[in-house]
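A short write-up of the structure that comes next.
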Amino acid sequence: MVWDVVVVGAGPAGSAAARACAEEGLSTLCIEEHGTIGYPVQCAGLLSVSALAECGVSNRSVLNEVSGARMVSGLGGELLFDAGVTKAHVVDRCLLDREMAEKAANAGAEFRLKTSASGISGTSLLTRGLRGREEIPFRLLIAADGPRSTVARMLGLQRPALYLAGVQAEVPYEMNPRYVELHPNAAPDFFGWVIPVSGTRARVGLCAREHAKDHFDRFIARYGQNSLHLATGVIPLGVMPQTYGRRALIVGDAAGFAKPTSGGGIYTGVRSAKHAAAVAAACCVRGEFDDESLRDYERRWKEDFGKELDIGMKALRMRQKMTPEEIDRLCRALDDPDLIATIVEHGDMDRPGTLLRKLALKPALARAMGILFASGVRRILTG
């Protein structure tokens, strides 16, 4: 059998792609190297309301709902904002991933677990797994196989620019379950977080380019040593230069679509998967799979969220140049009723560009942080 589409990877992006392709009437196979969908967990498990809606699932995986955040510099500066309505969901990623795969299977996609991609020969994907070595003929490949994408490497496509290592532990901890805590000085080039699973349990973690475990050990020490669950992962930042080629479309973390402002990748991953499915359907109808035909995928995701990723990457580079003292000053400057109201009104985990534009126009922030900071924000927004 020649499959219209073979999806590699059954995380949220892969299952979303498989579901959308099957709903388009395409014969769709999704392979997953692990024996259980949703495991191992490599995600903080905090999804915006929009991200969960994009997943097209029930609230079965939701453990807690968050309406605001507390930003803590560690040097005295603190900031609290509360939207008063649910802005994000804390989820059980295993349950989320499995429900997304179930939806795809119900739409007609076939899944094969314990099956990994080992090569590409013409228009056949070479795999190893429970069925031994196989050649799976395809018309189009969708690579949703994560930050270390085997498919992208096999195709010789240039990888994302930056990789962060993430470490997270789930610990007993009493906190207000409506607020996420952000600790920008927990790591020198990203941030740490405390995500409430409930009023008595939290996920504590951080990301860093180097020595992530050392930074994490120092950060977690203030929350006790009784870890209920430890998870590690890699976050790719900076979109790969080309996300298509040789009958393949690259989606989600495999393409470097994680948001540089938060590290989250489910919203952009699922959005990119849906764009890939639309292009796959059009290519299958026309019987055209050349690079020129696949280029429409890149146009679609760039029009959707490409500018947000670009703004986010510039903001991350600016943050990496800030000293702990400057970050503390920023926390104190943002603790202003007018600025907090702006954050509440315009804050969006998935599309932070609007909030940055609004804050850049606030004289109080420019005065507090200085002209260099203000001009840096303007450069981010104007490119």
*asked:* For segment 335-355, which positions are part of a loop (DSSP other than H, G, I, E, B), in contact with a strand residue (DSSP E or B) (Cβ under 7 Å, 6 or more places away or on another chain) and not charged (D, E, K, R)?
replied: MET349
*Qualifying strands (runs of 3 or more DSSP E) (wholly inside segment 108-171; at least 2 residues being among the charged types (D, E, K, R))*: 110-112, 132-143
*Residue check: is LEU130 aliphatic (A, V, I, L, M), more than 22 Å from GLU288 (Cβ to Cβ), modelled with pLDDT under 95 and open to solvent by 70 Å² or more (accessible area, probe 1.4 Å)?*
yes
*asked:* Looking only at residues that are within 13 Å of GLY245 (Cβ to Cβ) and more than 18 Å from the chain's Cα centre (by Cα) in segment 138-151, which one is surrounded by the most Cβ atoms within 10 Å (Cβ to Cβ)?
replied: LEU141
*Here is a list of conditions, (1) in contact with a Gly (Cβ under 8 Å, 6 or more places away or on another chain); (2) closer than 30 Å to MET154 by Cα, and HIS211 meets all of them except one; can you say which number that is?*
(1)
*Return only the number of the condition from (1) in contact with a Lys or Arg (Cβ under 8 Å, 6 or more places away or on another chain); (2) modelled with pLDDT under 95; (3) open to solvent by 40 Å² or more (accessible area, probe 1.4 Å) that LEU95 does not satisfy.*
(2)
*Examine segment 23-36 for a residue that is of a type in the set (Val, Ile, Thr), open to solvent by 40 Å² or more (accessible area, probe 1.4 Å) and modelled with pLDDT of 95 or more, and state whether such a residue exists.*
no
*Give segment 280-297 a look and list any residue that's open to solvent by 20 Å² or more (accessible area, probe 1.4 Å) and in a helix (DSSP H, G or I), or say none.*
ALA282, VAL285, ARG286, ASP291, GLU292, ARG295, ASP296
*Can you find even one residue in segment 332-344 that is open to solvent by less than 40 Å² (accessible area, probe 1.4 Å) and either of a type in the set (D, E, K, R) or within 24 Å of the chain's Cα centre (by Cα) (or both)?*
yes
*asked:* Looking at (1) outside any helix (DSSP H, G or I); (2) at pLDDT 90 or above, which one does MET313 not meet, given that it meets all the others?
replied: (1)
*Would you mind stating whether ALA105 is open to solvent by 30 Å² or more (accessible area, probe 1.4 Å) and small (Gly, Ala, Ser)?*
yes
*Pick from segment 316-329 the residues that are charged (D, E, K, R) and in a helix (DSSP H, G or I): which of them is nearest to ARG246 (Cα to Cα)?*
ARG317
*Does ALA107 fit the bill of being modelled with pLDDT of 95 or more, touching a strand residue (DSSP E or B) at 6+ places or on another chain (Cβ under 7 Å) and among the hydrophobic types (A, V, I, L, M, F, W, C)?*
no
*Determine whether ALA315 is open to solvent by 10 Å² or more (accessible area, probe 1.4 Å) and touching a helix residue (DSSP H, G or I) at 6+ places or on another chain (Cβ under 7 Å).*
yes
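The values are calculated or read from the model by the stated rules, or taken from the named source; none is laboratory data. Quick caveat, the model's predicted, so the values are computed rather than measured. Methodologically, a virtual Cβ is constructed for each residue, glycine included, from the backbone with ideal geometry; neighbour enumeration extends over all protein chains shown. Accessible surface areas use protein heavy atoms only, side chains included; no ligands, DNA or RNA. Shrake-Rupley method; radii C 1.70, N 1.55, O 1.52, S 1.80 Å.
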